Amino acid sequence: MRRRVVEPTSNQEQLTVPRRLQAEVEVVIVADSVVEHADQIVKRAWQDLGPEHRALLESIGATQWHVTNKLLGAAASALLISAGSPALSASQTRAFDAAIGVWVPELRVTLINAEHRKFDGLDEPSLEAAVADVAWHEWGHALSVHRTENDDISKGAQLLTIAPRGIAENIRSGGYRRREITHELVANLFALLMARRRAGGDGKPEWLEDELWNLMKKTTG
Ligand SMILES: [Zn+2]
């Protein structure tokens, strides 16, 4: 089991740490810095949202995130229990455990698993882009959950037919239920539009259908 390291108080103590414990100490330090590093990336992603998006997220209480090296099922259940809510069901736990990030509406918090295998082996620019993508995606979910209307939700399958091909394929292969499709579209498009904005793009992209652009303006500002 991993635990936090207490700094040795003298060289003498450092020298007497058994080899087996030294190995554990290295693992813990790496794990902590991975979480801290991902947290810094999320902070930059939050800054890059700009004042309007941040204000929208603030208005729905969605400003908190928690980067962890735990599976997200366990992390979410621990937070839910400490907030006096029931833990996740077994099937929710399995789904959360597989996730790289989740938006937990009950707690209004975004959780990100900094040690998810999808982050393994990425170089620095790719990691920056991948972690920011997860954060923007989950903030997109938060906005979608609060700002889409029933009509938008029931049009999910139809909206998917006019979505950019990569996003549509992604969502189709994800096995989402009908009423989750619009939320997934908003979350995916929000992350994509934020990445585009970070790279200097602005306004409606040529490749985005009007109906989807209008949905994004309505839900994410
Ligand atoms: Zn999603």
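The values are calculated or read from the model by the stated rules, or taken from the named source; none is laboratory data. Source: prediction; values computed, not measured. Methodologically, a virtual Cβ is constructed for each residue, glycine included, from the backbone with ideal geometry; neighbour enumeration extends over all protein chains shown.
Structure summary
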read-out: Selection status of H37, modelled with pLDDT of 95 or more, outside any helix (DSSP H, G or I) and either surrounded by 12 or more Cβ atoms within 10 Å (Cβ to Cβ) or touching a Cys at 6+ places or on another chain (Cβ under 7 Å) (or both); value: no
read-out: Residues within segment 91-123 that are within 15 Å of the ligand (Cβ to nearest atom), within 12 Å of the chain's Cα centre (by Cα) and not in a strand (DSSP E or B), tallied; value: 4
read-out: Any hit, segment 192-200, residues being within 25 Å of R44 (Cβ to Cβ), touching a Leu at 6+ places or on another chain (Cβ under 8 Å), outside the structural domain of G101 (by TED's automatic domain parsing) and touching a residue at least 40 places away in the same chain (Cβ under 8 Å); value: yes
read-out: Yes/no for A142 being in contact with a Leu (Cβ under 6 Å, 6 or more places away or on another chain) and not assigned by TED's automatic domain parsing to the domain that holds A45; value: no
